[in-house]
Structure formats: C-alpha cells, structure tokens
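The values are calculated or read from the model by the stated rules, or taken from the named source; none is laboratory data. The shown structure was predicted, so the numbers you read here are calculated from the model rather than taken from an experiment. For neighbour counting, all protein chains shown are included, and Cβ atoms are generated from backbone atoms with ideal geometry for every residue, glycine included.
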Amino acid sequence: MIKNILLSFGINFINFLFPVILIPYYINVFGITNYGLIAISLSLINYISVINDYSWSSLGPVKINKLQSDRLAINYYISTVVNSKIILSIPSFLLLFGLVHFYSEISTNSLFFTSLFVMLFSRTQNTHWIFIGLNKINIYFIINSIFKISCLIVILLFVKSKDSFQILFFVLGIFDCLIFLVSFLYLLIKEDFIYSKTSFKDIYSELQIGFKMFLTNLTICSILNSGTLILGMFVNSKTVGIYSIAEKIIMLGKHGIGVLFQGLFPKICKIGVRSISELNRYLRVIFKTYFVLFSLVTLLLIAFSEQIISILSNVFVYESSRYLILLSPIPLIAALNQPAYIALILNDKKNIYFSGYFIGLVINISLSFLLSYLFKVEGMIAALIITELFITLFLNYKVQLDKKLNFFSKND
C-alpha cells in the first residue's frame, strides 16, 4: 500500500506539479497576460479530455483486477476501451473547436489555436489506468518521469521568447504522445498485449456501464477547471492569470486527495470484500486523519499565502494571495467526502454518488456563470466553495442514513 501511494504520488507529482513548477518561468518569459491565455487553454483541454477519460481511470483498474487470471479477456477489455476512446475523440475535437471561439484572443491566434488540438490529441489515449490494474505502477512511473523531465528540459532550453507561448502546447503534446506510445510498446512486448477489433455493441455496452461515473468525473473536472474557463468569458486574461496562480495551488491540494485515494484503494477493496464492519472502522480512521491533515493545510495556506504565491510569481502577489486565502477551505471540504465516496463505490451505490455529483455539476455551472458575472473572481470562488460543500454534505448524509454504510457509527 505504501509503495502504491509513493508511486502514485510520484506520477501525480510530475503530472500536476509539472505545470506549477513552470508557472514562474511562464510569467517571466511570456508575461502575466499570455500566462492567462495558457491557463484558460489548459483548463479547456482538461475539461474536454474528461470525455476521453470517461470512467476508465476509476473503473478500468477494478475490471482488470477482476480479470487477472484471464489474459485474453484483459486484452479484449483494453482493446474495447482503446476503440471507445478513439470514437470519443471525434466529439472532443468538435467541442474544442466550438468552445475556443468564446475566447477571441485564442481563436484569432491560428498557431496557438492549432497547438490546442495537438495537446488534446495527446490526452485522448492514457495508459495509466492499465498499469494500475496490472499492478505495474512502477513501470508507468519510470516511463512518465523520463518523458516529463525531458519535456521540461526542452521547454527551458528552446521555448524562451515572449511569442514562443504559441508553440508551448506542441511541445507538451508531443511528449505526452511519446508517453502513450512507449507505454503501449511495453504492454505489447512485456505483457503480451494483443490489440483486437471490437464490436460497436461492446463499445456501446462499455459506455453504458461507465456513464454515471463519467458524469461524476465531469462534475469533479468542472469544479477543478470551470473557474478559469468561465472567468475568461467575463474578465481579461491578465485577471485570469492572477487568479490562476492561486487556483493551481488549490488544485495541487485536491490532487493530493486523489493520490491518497489511488494508494489506499487497493487495500480498501480487500477490506471491503472481507468485512463491512472492518471497512467502516477503516473509513472512520481515514475521515479523522483527512480532517486533521487538511485542516493543517488550510491553516498553512492562510498563514503563508503571500510567501507561497511569491514562490510562483513576483507580480501581483497581494492579489493572488488574497484569492488563495479565499480558496483555502476547498481541499479540506473535498477531502471530507472521500470516505463516503469510497463506501458508496464499494457497496455499488452508484445512484447515490451519481445524484450528488450531478446536482453538484448543475449548481457549479449555474452559480459560476451568475456569480462570476455579478462579482467576478470573488463570485467564482463563492460558487466553487458552495458546490464542494453541497457534495460533501450530500454524500456524508446519505451514508449516515444507511446503517450498513454509516462509518460514523461505532456500533460495528
């Protein structure tokens, strides 16, 4: 379990800390306004790429684990997912083409506009979930680390002029494609993976199975990225850049929750199969631990907001640090819904967490547009906090109503 946590942390550290490490470089080289355009574009790509990820990052490893004794079944399942992702890439590209036109500074820059499609294409196929299911996280960690570090070196050496932000996504996209290609090459050579054609009936069935999880992922992605995207419609890219610095730090805190989840989940699955009462005791410990840990994170963000921001940017430090203080409760609120989310997943209560996240999605989008229009950045932050509070309260309330799932009760 500790090994999985460390490896997952390493992968997420490189994938999600990677953009944060480059923030000072982007601001110094490109300027805060161009950095705002980069932030909007990254959020746009992250938002749309959830279509291709669909539900497989969560459900894929579980399915592969169940099929581990049947290599042919694993190969067919992976092929089905790959083919599904290829089909889903069509609406992804169409959606990107449509949404980019809401941001005139991006759509009128043809070179930068084209680079977004390269970046999105690199996200359409991701093999991380396969390696988790095969318990080969260490292999993916090595492949991912080599190409991410190589990408960082290339950016620092060759993307050095103010206008070179236009080719940034070409560089990022190419290296992401290399990760995908080398990962699949490893599966072909070392894991005896054999690609096969799959029927549309199987693809449709796979999409049906994961639809509710997809909407859940869409909600999570919306909460992570909607702030930058919607703000970009109401304020200039300079303001978006200032806000995005604080938002990236909060996103790191939320990704930390995901890292812990990936590390804990295999052990939790085994406990859940063995004993519900033991699972509830374990989830109770996780809830208390998360409360203490992320409360401390919140206090640190508030107390050292200016110092944290100044590490990433030497301009508009006061403005960004104020936004960081306002955003600081979000990781804590989000962490406190994780034990309930796990309990519902393991007990196949898809309808409950689906309802919570779907309502959360509606609340998030509606409030984000309304409050951003009325109050700009402060309105967006209020919408994000309200959404997180609703989801956490909803999931924990539903768990408490079920005597079997209520891990808050010590009568087990």
Out of all the residues in segment 307-354, which are within 20 Å of the chain's Cα centre (by Cα), under 16 Å from Y397 (Cα atoms) and among the small types (G, A, S)? A334, A335, A340
Can you find a residue in segment 314-335 that is β-branched (V, I, T), farther than 29 Å from K63 by Cα, out of contact with any Gly (no Cβ under 8 Å at 6 or more places or on another chain) and not in a helix (DSSP H, G or I)? yes
Give I257, I286, I230 a once-over and let me know the one that is assigned by TED's automatic domain parsing to the domain that holds N396, within 19 Å of the chain's Cα centre (by Cα), modelled with pLDDT of 90 or more and in a helix (DSSP H, G or I). I230
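Within segment 343-364, restricting attention to residues that are hydrophobic (A, V, I, L, M, F, W, C) and buried (at least 17 other Cβ atoms within 10 Å of the Cβ), which residue is modelled with the highest pLDDT? Full working, then the answer.
From segment 343-364, those hydrophobic (A, V, I, L, M, F, W, C) are 343-346, 352, 354, 358-359, 361-363; that's our starting set.
So of that shortlist, the ones also buried (at least 17 other Cβ atoms within 10 Å of the Cβ) come out as 343-346, 352, 354, 361, 363.
Details: A343: 89, L344: 89, I345: 82, L346: 82, I352: 88, F354: 82, L361: 84, I363: 92.
Taking the candidates together, the pick is I363.
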Which condition breaks for Q262 when tested against (1) over 21 Å from N396 (Cβ atoms); (2) at pLDDT 85 or above? (2)
Helices (runs of 4 or more DSSP H) completely within segment 85-168 that count 1 or more residues being surrounded by fewer than 20 Cβ atoms within 10 Å (Cβ to Cβ) and either assigned by TED's automatic domain parsing to the domain that holds F18 or of a type in the set (S, T, Y) (or both): 104-107, 110-123, 137-158
Filter result for the condition that a residue is in contact (Cβ under 8 Å) with a residue 12 or more places away in the chain and either more than 19 Å from the chain's Cα centre (by Cα) or assigned by TED's automatic domain parsing to the domain that holds I325 (or both), over S372, S366: S372
Counted residues, segment 173-195 - those being assigned to a helix (DSSP H, G or I) and in contact with a Phe, Trp or Tyr (Cβ under 9 Å, 6 or more places away or on another chain): 12
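This table checks each residue for (1) free of Cβ contacts under 8 Å to residues at least 40 places away in the same chain; (2) in a helix (DSSP H, G or I); (3) assigned by TED's automatic domain parsing to the domain that holds S226; (4) at negative phi.
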residue	(1), (2), (3), (4)
G356	no, yes, yes, yes
G360	no, yes, yes, yes
I381	no, yes, yes, yes
I386	yes, yes, yes, yes
S409	no, no, yes, yes
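Regarding S368, is this residue assigned to a helix (DSSP H, G or I) and touching a Leu at 6+ places or on another chain (Cβ under 9 Å)?
Spelling it out, S368 is indeed assigned to a helix (DSSP H, G or I) and touching a Leu at 6+ places or on another chain (Cβ under 9 Å).
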(1) farther than 21 Å from L252 by Cβ; (2) in contact with an Asp or Glu (Cβ under 6 Å, 6 or more places away or on another chain): which one isn't true of I330, the others all being true? (1)
Give segment 212-247 a look and list any residue that's crowded, with 21+ Cβ neighbours inside 10 Å, among the charged types (D, E, K, R) and farther than 18 Å from N364 by Cβ, or say none. none
Residue, surrounded by the fewest Cβ atoms within 10 Å (Cβ to Cβ), within segment 19-72, restricted to residues that are closer than 22 Å to F234 by Cβ, under 18 Å from the mean Cα position of the chain (by Cα) and not β-branched (V, I, T): N46
